[in-house]
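Here's the structure, in structure tokens; my notes come after.
Where a number appears in this text, it was derived from the coordinates with a stated rule and is not lab data. For clarity, every value in this text was computed on a predicted model and none was experimentally measured. Here the Cβ positions follow ideal geometry from the backbone for every residue, glycine too, while neighbour counts run over all protein chains shown.
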Amino acid sequence: MVSRCSRASLFHRFHGFTDGVAYFAALLRACPDGQTLLAWSGATCVGVATLAVSATGIVELGVLVEDAWQRRGIGTRLATSLLDGARAKGVTTVHADVLVDDVFILQALRRISPLRVSTEFGSFSIDMDLSSQPGQRTGNRLLCGHETSAGSGRR
């Protein structure tokens, strides 16, 4: 599946130039604290989403959908399933980094979970609050606002 993705799709997923093969090989081989879901069309894998625990203990979400299958809700369904499973296991926060060009991903994640968002160096740094439902208010604050901070990473 990764080899069928364009360089642009791979750049948007990995935020750099790579073929993604080494990353996915390592992920599928040795990710004991994570979960990977695949989307299939017949016998062909068309999408992959992962929740992985980083070395610092942060749970991170990553999604890649093959070019020909993008914008059909596949990535959203994969992310929703992973986040629902994480919520059921007691995970309260999941992190994702999304390029600012990909605002549609931010909008999709807002439908799944309340977000805390900051902008750092051309990307959105997103923390998804799994302890509440999308659009749920906490006190007087709606948890899906957009905050801008230059380089003040909250991780």
Practice task
Could you tell me which chymotrypsin sites (Phe, Trp or Tyr not before Pro) in segment 58-135 are loop residues by DSSP with no more than 12 other beta carbons within 10 angstrom of their beta carbon?
Solution key: Phe121
Handout entry: Difference of contour (0.36 nm per residue) and Cα-Cα distance, Ala25 to Ser6
Key = 5.0 nm
Problem - Inter-label distance for Thr44 and Arg72, nm, one decimal - labels placed 7 Å from Cα along Cα-to-Cβ - result: 0.9 nm
Handout entry: Residue-span extension gain [Asp97 to Thr56] - 0.36 nm each, minus C-alpha spacing
Key = 13.2 nm
